[in-house]
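Accompanying notes for the structure given below.
The values are calculated or read from the model by the stated rules, or taken from the named source; none is laboratory data. Remember, it's a predicted structure, so these values are computed and weren't measured experimentally. So basically every Cβ, Gly included, is an ideal-geometry build from the backbone, and we count neighbours across all protein chains shown. Calculation scope for accessible area: heavy atoms of the full protein, side chains included, ligands and nucleic acids excluded. Shrake-Rupley method; radii C 1.70, N 1.55, O 1.52, S 1.80 Å.
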Amino acid sequence: MSLSKEDYRHIPSVNALLAAAPTQELLATCPRWAVLQETRAIVQAMREGLEPIVVDAAQKDAWHERLVREIGERARRAATYSLRRVVNATGVVLHTNMGRALLAPAAIEHMTQVASEYSNLELDLETGERGSRYDHVRELLCELTGAEDAIVVNNNAAAVVLCLSAFAKGREVVLARGELVEIGGSFRIPEIMELSGCTLKEIGTTNRVHLRDYEAATHEDTALLLKVHTSNYRVIGFTKSVSAGELRPLADATGVPIMHDLGAGCLVDLREFGLPAEPTVQESIAEGADIVTFSGDKLLGGPQIGVIAGRADLIAKLAKHQLLRTLRVDKLCLAAFEATLRIYRDTKDPSLQIPALRMLGLSLDSIEKRATNFSNALAKAMPVSCSVQLRDGQSQVGAGAAPESGLPTKLVAISTGEIQAATVEAALRRGQPAVMLRVGGGELLIDLRTVAERDETALAEALCAALPR
Ligand SMILES: *Cc1c(COP(=O)(O)O)cnc(C)c1O
């Protein structure tokens, strides 16, 4: 749309908008750069014919007021953090897109302290000489997993790359076809093998592999017998896999180590939560894996970190590897991780302190009670065109753990009247705080399992504001 000369005359100047009293008020609470940026943007949009221009003198004051209000809203949005709080009402406990595990209070406290003061990160306070950052969690990891030694890197993907590079570069790695996994987008075993400079030796079929397949594939150029936990999928039906324990005699006879990429890194028995068993780290070590790798921010419930635990001679090799420096874990993660591991070591029931485990352990009863109260309060405040009821549903563990089974839950289901549920969902997602929930069967579905009780009021307010009047 091209503007007439007349239109141009009516475009307010950036300076005039900035000088207006409401803009000056806005500047008291909003950074100047953001106000300036959004004022310029709105004036530019008028010049390009993308923003309506009011020419009627009688409407001018009201129009300018509207403009300043709009600038205020946009400036506030521009000035808020990019990485910010989201109320997770999806019932997915470990949601990779929402930051996986929440930290325990003790982990947050220790992290804050290490962030705000100097520390002995790489300092041996006994001798005054240089120490190793890895020492802060080494003994804890050994005690909890039964491993001889352990080291940590940025995440589990890095742990796998480091191990493959250090133990198998230029050589062969044996892996069953049924364990050739992709963990969301950028982590695919074949690509990781290539990146690490080793050759993948696939054995067996998609559904079955036998010990004799491993035996036939192992020769003098074999560097590792790799097992990858099929964390985010299951092969069911006519299947067979070979455990680390069953591989042990072959490993002993040939001297080829067994590496087990566990993914979730569970330290407790998930069956206590009514979930199917995930292999724990302790079990894998006890069974005979020489090296296990796992994440800190999945079922362990700590910060993003990758753990490599296992035989001391193998860990020693990793500690000397050049790549370790590039995958180095930062001090805040280390602080949070040490505090998280201490909870496992020092308390009888870690699920009282580790948020991810606490959420998984919430009883259906307690969720139903909260859901009932929440929906009663909502029913009173909600527009009459909408309705709310409870439905049976499933919460998910997330982060690729226990993919085939959820935990029974009570969903608060809101039917949104005339307006499409997807429209309300989008408004909630863009709101402050942002709210993420599920949409199913034309309803908004809220699972309070992953919502902190202190967030229930904010969630109810956001819902009432987003629902059609
Ligand atoms: C999650 C997972 C990874 C990747 O771990 P990150 O911590 O996301 O880097 C690797 N292997 C398996 C089996 C996994 O489940």
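Structure above, values below:
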| item | result |
| --- | --- |
| Evaluation of residue 68 against (1) among the β-branched types (Val, Ile, Thr); (2) part of a loop (DSSP other than H, G, I, E, B); (3) over 34 Å from the mean Cα position of the chain (by Cα) (one fails), failing number | (2) |
| Test: residue in the stretch 402-419 that is open to solvent by less than 20 Å² (accessible area, probe 1.4 Å) and more than 20 Å from residue 451 (Cβ to Cβ) | yes |
| Residue in the stretch 340-363 that is farther than 29 Å from residue 274 by Cα and at pLDDT 95 or above present | no |
| Residue check, residue 422 at pLDDT below 95 and surrounded by fewer than 17 Cβ atoms within 10 Å (Cβ to Cβ) | yes |
| Subset tally (residues that are under 17 Å from residue 8 (Cβ atoms) and either part of a loop (DSSP other than H, G, I, E, B) or over 44 Å from the mean Cα position of the chain (by Cα) (or both)) for the stretch 44-62 | 11 |
| Tabulated pairs, the stretch 89-102, first open to solvent by less than 40 Å² (accessible area, probe 1.4 Å), second more than 16 Å from the ligand (Cβ to nearest atom) and assigned to a loop (DSSP other than H, G, I, E, B), C-beta under 7 angstrom, 6+ apart or interchain | 89/437; 89/451; 90/437 |
| Criterion: touching an Asp or Glu at 6+ places or on another chain (Cβ under 6 Å) and surrounded by fewer than 24 Cβ atoms within 10 Å (Cβ to Cβ) - qualifying residue of 304, 353 | 304 |
| In the stretch 440-460, residue most open to solvent (accessible area, probe 1.4 Å) [restricted to those that are more than 18 Å from residue 355 (Cβ to Cβ) and part of a loop (DSSP other than H, G, I, E, B)] | 441 |
| Subset tally (residues that are touching a residue at least 40 places away in the same chain (Cβ under 8 Å) and assigned to a helix (DSSP H, G or I)) for the stretch 21-32 | 3 |
| Residue list for the stretch 106-131, filter: open to solvent by less than 90 Å² (accessible area, probe 1.4 Å) and either in contact with a helix residue (DSSP H, G or I) (Cβ under 6 Å, 6 or more places away or on another chain) or in contact (Cβ under 8 Å) with a residue 40 or more places away in the chain (or both) | 106, 107, 108, 110, 111, 114, 115, 119, 121 |
| Qualifying residue in the stretch 431-438 (condition: farther than 15 Å from residue 90 by Cα and among the basic types (Lys, Arg)) | no |
| Residue list for the stretch 254-275, restricted to those being farther than 23 Å from residue 149 by Cα and either of a type in the set (A, V, I, L, M) or within 15 Å of the ligand (Cβ to nearest atom) (or both) | 270, 275 |
| Residue, farthest from the ligand (Cβ to nearest atom), within the stretch 155-193, restricted to residues that are of a type in the set (S, T, N, Q) and assigned to a loop (DSSP other than H, G, I, E, B) | 186 |
| Scan of the stretch 274-300 for residues that are assigned to a helix (DSSP H, G or I) and open to solvent by 10 Å² or more (accessible area, probe 1.4 Å), ordered by number | 282, 283, 285, 286, 287 |
| One residue from 251, 244 being away from the ligand (no atom under 16 Å from the Cβ) and surrounded by 19 or more Cβ atoms within 10 Å (Cβ to Cβ) | 251 |
| In the stretch 212-240, the residues that are open to solvent by 60 Å² or more (accessible area, probe 1.4 Å) and modelled with pLDDT of 95 or more | 212, 215, 216, 219, 220, 221 |
| Residue, nearest to the ligand (Cβ to nearest atom), within the stretch 384-401, restricted to residues that are β-branched (Val, Ile, Thr) and open to solvent by 20 Å² or more (accessible area, probe 1.4 Å) | 388 |
| Residue satisfying all of: in the stretch 23-34; under 15 Å from residue 64 (Cα atoms) and open to solvent by less than 90 Å² (accessible area, probe 1.4 Å); nearest to the chain's Cα centre (by Cα) among these | 26 |
